[in-house]
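Participant: Would you mind keeping the following structure in view while I ask a few things?
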Amino acid sequence: MTNDHVSRPVETGGDSIAAVEADLDTTRHEMADTLDELAARLDVKTRGKEKAHEVKQRTQVAVRSRDVQIRSGIVAAIVLTLILMLARRKRRVSDDE
């Protein structure tokens, strides 16, 4: 039994062993990334938590927006009331003269 394949460089279709190993390394990294992505997609518990957090954030934004609209309405009503009161007072002063 001899170990001829260990001691001599092998050429495969013009590619050196280093190029083949680099290609294998790239493929391994791509496969690892793909497996990580698949594992993340299949992790129902984590995805559920992420979705719940997302819904919570959207709800908080909607509530803040509604609160701003309500406060704006209240301020507008107060301003309109003050304008009407001033106009009424001005009319009374004009009528008294």
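Coordinate-derived values only; no laboratory data. Remember, predicted model here, so these are calculated numbers, not experimental data.
Participant: For residue 65 and residue 87 in the same chain, what is the full-extension length gain: residue separation times 0.36 nm, less their Cα-Cα distance, in nm?
Facilitator: Contour length minus Cα-Cα distance gives 4.7 nm.
Participant: Residue 57 to residue 35: extension gain in nm, 0.36 nm per residue of separation minus the Cα-Cα distance?
Facilitator: 5.0 nm
Participant: Sticking with this structure for a sec: What list of ³J(HN,Hα) couplings, whole Hz, do you get for segment 63-70 from phi and the Karplus terms 6.51, -1.76, 1.60, once you set θ to phi - 60° and write x for glycine and proline?
Facilitator: 5, 4, 5, 5, 4, 5, 5, 5
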